[in-house]
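As structure tokens, the structure follows; a few thoughts come after it.
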Amino acid sequence: MSKTMTQQEALQEYLLRLADSDMILGQRLCELCGKAPALEEEMALMNVALDLVGQARNWYEYAAELINDGRSADDLAFKRDANRYRNALMVEQPNGDYAVTMGRQFFFDAWHYFTIAALTQAPDERIASIAAKAAKEIQYHLRRSSEWVKRFGDGTEESHQRMQTAVDDLWRFTGEMIEADEVEQQLFKAGIGPDPEQLAADWRGLVNEVLTEATLTPPPEDAWMYRGAKVGHHTEHLGFILAEMQFLPRAYPDAKTW
Amino acid sequence: MSKTMTQQEALQEYLLRLADSDMILGQRLCELCGKAPALEEEMALMNVALDLVGQARNWYEYAAELINDGRSADDLAFKRDANRYRNALMVEQPNGDYAVTMGRQFFFDAWHYFTIAALTQAPDERIASIAAKAAKEIQYHLRRSSEWVKRFGDGTEESHQRMQTAVDDLWRFTGEMIEADEVEQQLFKAGIGPDPEQLAADWRGLVNEVLTEATLTPPPEDAWMYRGAKVGHHTEHLGFILAEMQFLPRAYPDAKTW
Amino acid sequence: MSPEEREFQLKVDAETKIEAKNWMPEGYRKTLVRQISQHAHSEVVGMLPEGNWVTRAPSLKRKLQLMAKIQDEAGHGLYLYSAMETLGADRDEEIDKLHAGTVKYSSIFNYPTLSWADMGTVGWLVDGAAIVNQVVLQRTSYGPYSRAMIRICKEESFHQRQGYQILLDMMREGTEEQKEMVQDSINRFWWPSLMMFGPSDDQSPNSQQSMAWKIKRKSNDELRQMFIDQTVPQLEFLGCTAPDPDLKWNEERGHYDFGEIDWQEFYDVLKGNGPCNKERIETRKNAIDGGAWVREAAKVYAEKKQQKQQNAA
Amino acid sequence: MSPEEREFQLKVDAETKIEAKNWMPEGYRKTLVRQISQHAHSEVVGMLPEGNWVTRAPSLKRKLQLMAKIQDEAGHGLYLYSAMETLGADRDEEIDKLHAGTVKYSSIFNYPTLSWADMGTVGWLVDGAAIVNQVVLQRTSYGPYSRAMIRICKEESFHQRQGYQILLDMMREGTEEQKEMVQDSINRFWWPSLMMFGPSDDQSPNSQQSMAWKIKRKSNDELRQMFIDQTVPQLEFLGCTAPDPDLKWNEERGHYDFGEIDWQEFYDVLKGNGPCNKERIETRKNAIDGGAWVREAAKVYAEKKQQKQQNAA
């Protein structure tokens, strides 16, 4: 990150992180269309995905206004390559089995829930109002994903095993979500973003509570963590996600409308 | 196809079919990098893929010269969408298990072998010389893939079952390869392309021979066949292949070199 | 006719809805279960050709629309399975039959979606054809099915307009390539959409009883004609053509004439020989079979929870 | 020292190559097996970060080059496993150890390849570092290993030049975005490449015996310095920078000084906590385990064929 970042730059960066995480997780859920383990889950997954992409659109629109270089919300979503994307590493991980899908969702939802709750209090009205709408949706996402983590953890032997493996495998992507960098510190100081320490504590508290109730073993807090998304260093998955997601706008650059 | 196709147009179309089939099968084999069942197979698969993409480049270069609208060989490979691609449906099918990979390869190699053998006799020297180089490579491809079909068919019970399933599933994509349309008829009449009836007979003869030796049951000749590739109506797979394969040239349209 | 049958038929004739608790002939029940389950399966399988493009939708707006449409379809599947279950059928059993290939779904979903324009065409032509059927089915004699249809029709009409709008935007404001995409999509979906109404009346032996029971209220050919008559002006408004040289207005009949449907193709696809039959069923079967452990875990967890509550009580 | 050991050491000191049939100390054999198998595994695992881009190479020329490079690496793996087997080790057993995590491969392949420029950087820096090691190993005391190295080095040098050319073309003729891609790639691979030479000499207890046996011929730190000295001018010629503020020419030493390596990261990745450790091993394990039926079929078929030939004879 640049050393002389203005508050406006920090805010743009932060909005892109919010938008990109929503967008990529929505995209991952779209991949599951027609492949969920029950029809009720088809509905619920698409519902969550719809909320997320809707939130992404709101954040992209505001980001586009602030960036103000002629790029639209669609351009931000469909014309940036992986090194410009700022989503959390967590959300770009493959769907895996349904324990992975739900574990990924739960770790993200927990972060999303506390983050967005804080943003509803932002002095920037635009942020507060987008966050207020999102908060209700995320409450449902979190209830749902934590319920599935419990079902799997405290369900059958097989589901317990799968859920524990998913938790263990995904754990290394949780660190960067609750570890504030300069951007997040700066926004917190400006009274816009969540208190990083509070966010980390809330996230840890909730995750511990749910995993424990699910009879799962929470991995150690000091486990090695994968980092890099905040500076555009993603896992190898993101490039493939974007190649698919961005194909049409890139293949038909002259198309003004779709 | 247009009713007033000139011989030159037919030739361009035909060259693209040859090039596209090589390219897409090469691409499918690239997907297997690091995932083959033995290190010797890693080498062999990449070797075959390398031959195919090399042949594709030769055909694209000649096609680009004939088309002569400013597009390069790279443009033909990396800037056409699925509806413009002319590869056989066979080669775009997913890798599946190794019986599918090898069944797909064998059905294609058998077609490729007889087709290219005929093209070595083309009066167009460029075609004849590209074909002559390719013919040697394809001989090796065909020997290898037919050998694997026999190994699987006459190997273990499991491999026999897998190979028979692969043959049955892929069969529907064989019809269009050996069924000449107007383009191929026209080129045959012009003395350039293979004799369609001869090609079909040779292909059927070889396929029957290998399947029989492999103790496999050849599916019925009058089975329902999937068609469409020759007019750009592919299976749903091709779009995803191209999204990945063409990402960079499309995402960086201003890049003049790589 | 038994007294019960007579009473039943009188109710049907008087347009009184039959409800789950009412007596009904076994044939009526069976016909309805078959029809509603096929309809439900079609909603679910119909998500797949759209799922094929939802990850590649070209703008945020279109992506959100398509996602909402897919979600609606999952919802329609759920209503319809519920309506079917009021007849004593079991959803899991019916799904097993689908996967075993003994129960069908709409053949249209065996055609591949090959370009983004197909998301418009599927909405406009495929949902359009479905609506023509469903509008009539709102008055079907079986209450739960009729009510499901009323709810579904409203959403489907919305999808159809959205689909049409996709095509219209591309035709009006699109590049040449986009326009070509639209026309190519219509070329591919035109005939399969006409086939959605089923075989022509003289080849459709079951229809008569269904008409008497008012499960079905118009014949296949009548519905097909209605669809064509309403669709051709929309086609012209788009500035596109149909791949049918015989399509033209017949002043005398007051209807559009159209060419002969390729019934060989129709029966081929019905028999399993369509472009995507294998893939569609495989995808669904893998989803449900692969999800068995998920459903089992949910069941066991619910039982454990109930047990705990009982113990606490 | 036993007489055999003395004779062995004399041969080594006289630069006579040790061959498979010669007596050798058990420690020499073990050290070599470990080193050659690690080297072979590295060739194979090293295909994965390149396989990640081979489906996305941006031109026919670059695609063909990358494919040829990957094919060469598979070939190197095969030579090296053969060299290893001359020492009585078994390839399948060594691969099982790799998958079980008890034998290592070069940690560099646990870093992800995130842009096309990485295909240049891996060729230039990673193969470059490997070559510095391997050039010295051409003179290693064990004959089969030495000969494999001579063959491999030739191809690796070719790969290295090709990798550098990728970066050079992008820096000279590329867009701003492409240049940024190159610099970003160098930033990510710089330090991991320096780590490829292993821990610094004072932390490398096994090295001394290996030096005496002439398995190893230069120390980790010497090799690292050689690599930096040859690489910095190439870096400058590219017009790029290294992410090391302490990197500068030391006139007195006649070498480049450089900053302290993050040894914590080095040991983390070695322990399994690198970005892609899990994925790399999983991919390889799935390939080999999933291919068991393939290898079994080939074996059974070969036996059947042999049986038939014997019967015919």
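Inverting the mean 1/r over all pairs of different Cα atoms, compute the Kirkwood radius of the stretch B:7-88 and quote it in Å. Kindly include the intermediate steps, with their values, before the conclusion.
Details: mean 1/r = 0.0755 Å⁻¹.
Over the stretch B:7-88, the inverse of the mean reciprocal pair distance is 13.2 Å.
With heavy atoms of protein chains only and a 1.4 Å probe, what residues of the stretch D:288-313 have at least 40 Å² less accessible area in the full set of chains than alone?
D:Trp293, D:Val294, D:Ala297, D:Tyr301, D:Lys304
Quickly estimate the mean residue ellipticity at 222 nm for the protein assembly as shown, helices only: each DSSP H run with n ≥ 4 gives -39500 (n - 2.57), and the total goes over all residues, rounded to 500.
Details: 50 runs with 760 residues, N = 1142.
Dividing the helical sum by the residues of the protein assembly as shown leaves -22000 deg cm²/dmol.
Could you state the number of Å between the C-alpha centres of the stretch C:83-105 and the stretch C:200-267?
Each part's Cα centre sits 29 Å from the other's.
Under a plain spin-label model, where a point goes 7 Å from the Cα along Cα-to-Cβ, how far apart in nm are C:Lys271 and B:Gln8?
4.6 nm
Using only alpha carbon pairs under 8 Å that are at least six residues apart, calculate the relative contact order of the stretch A:7-251 and give it in whole percent.
Values: 328 pairs, mean separation 64.1, N = 245.
It rounds to 26 percent for the stretch A:7-251.
For chain A, count the residues as N, evaluate 2.2 N^0.38 Å, and divide the Cα radius of gyration by that value, please. Could you put the intermediate results ahead of the total?
Working: Rg = 17.8 Å, N = 258, 2.2 N^0.38 = 18.1 Å.
Ratio of Rg to 2.2 N^0.38 Å for chain A: 0.98.
If we restrict to alpha carbons, what Rg and Dmax does the stretch C:224-297 come to, in Å?
Values for the stretch C:224-297 (Cα only, Rg and Dmax): 20.2, 64 Å.
For labels at C:Trp23 and A:Ala223 in the simple 7 Å Cα→Cβ model, what's the distance in nm?
With each label placed 7 Å out from Cα toward Cβ, I get 6.5 nm.
So, R0 is 56 Å and r is the distance between the beta-carbons of B:Asp69 and D:Asp262; what FRET efficiency does that work out to, to 0.05?
Between B:Asp69 and D:Asp262 the formula returns 0.55.
What is the set of long-range amide H partners of B:Ala88 at a cut-off below 5 Å, with H atoms built 1.01 Å from backbone N?
Those qualifying (amide H under 5 Å, at least 5 residues apart or on another chain) are B:Ser21.
Determine the equivalent ellipsoid of the stretch B:168-231 by diagonalising the alpha-carbon gyration tensor, then write out the semi-axes as square roots of 5 times the eigenvalues, largest first, rounded to whole Å. Show your work: numbers first, answer last.
On the way: eigenvalues 118, 46, 10 Å².
Semi-axes from the Cα gyration tensor: 24, 15, 7 Å.
Which percent of the Cα-Cα distances in the stretch D:11-63 go past 18 Å? Show your work: numbers first, answer last.
Numbers: 793 of 1378 pairs.
It works out to 58 percent of all Cα pairs.
Using a 1.4 Å probe, what is the accessible area per residue for chain D, in Å²? Before the final figure, lay out each step's value.
Details: 13530 Å² over 313 residues.
Using a 1.4 Å probe on heavy atoms only, each residue of chain D averages 43 Å².
If we restrict to alpha carbons, what Rg and Dmax does the stretch B:17-145 come to, in Å?
Here Rg and the maximum Cα pair distance are 14.5, 45 Å.
Residues of the stretch D:112-127 that become at least 10 Å² less accessible with every protein chain present than in their own chain isolated, using 1.4 Å: which are they?
With the partner chains in place, the stretch D:112-127 has these residues losing at least 10 Å²: D:Pro112, D:Leu114, D:Trp116.
So if I take the alpha carbon set of the protein assembly as shown, get Rg, then get Rh from the Kirkwood formula, what is the Rg over Rh ratio? Intermediate values should be presented prior to the final figure.
Values: Rg = 32.3 Å, Rh = 32.8 Å.
Answer for the protein assembly as shown: 0.99.
Mind listing the Cα extents of the stretch C:21-130 along all three principal axes, in Å, largest one first?
51, 25, 24
With the contact rule set at Cα under 8 Å and sequence spacing of 6 or more, what percent relative contact order holds for the stretch A:6-56?
Numbers: 30 pairs, mean separation 24.3, N = 51.
Contact order relative to length: 48 percent.
Return, for the Cα atoms of the stretch C:92-195, the radius of gyration and Dmax in Å, separated by a comma.
That works out to 16.0, 49 Å for Rg and Dmax.
Across every pair of different alpha-carbon atoms, what Kirkwood hydrodynamic radius in Å does the stretch A:144-258 reach? The partial results should precede the final answer.
Numbers: mean 1/r = 0.0584 Å⁻¹.
About 17.1 Å for the stretch A:144-258.
Give the Debye-formula value of log10 I(q)/I(0) at each listed q (0.16, 0.21 Å⁻¹), with one equal scatterer per alpha carbon of the stretch C:145-280, two decimals each.
Each listed q corresponds, in turn, to -1.11, -1.44.
Over the alpha-carbon set of chain D, divide Rg by the Kirkwood Rh and report the Rg/Rh ratio to two decimals.
Values: Rg = 21.3 Å, Rh = 21.1 Å.
Rounded to two decimals, Rg/Rh equals 1.01.
Taking a virtual spin label 7 Å from the Cα of C:Glu236 along the C-beta vector, which residues in the stretch C:173-203 bring their backbone nitrogen under 12 Å of it?
none
Quick one: compute the contact order of chain C, relative version, from alpha carbon pairs under 8 angstrom and 6+ residues apart, as a percent. Write down the numbers at each step before the final one.
Values: 328 pairs, mean separation 57.9, N = 313.
Computed value for chain C: 18 percent relative contact order.
The values are calculated or read from the model by the stated rules, or taken from the named source; none is laboratory data. Keep in mind that what you see is a predicted model, and the values were worked out from it rather than measured. Cβ: placed from backbone, ideal geometry, glycine included. Neighbour counts: every protein chain shown. Remember, those area values only see protein heavy atoms, side chains included, never the ligands or the DNA or RNA. Shrake-Rupley method; radii C 1.70, N 1.55, O 1.52, S 1.80 Å.
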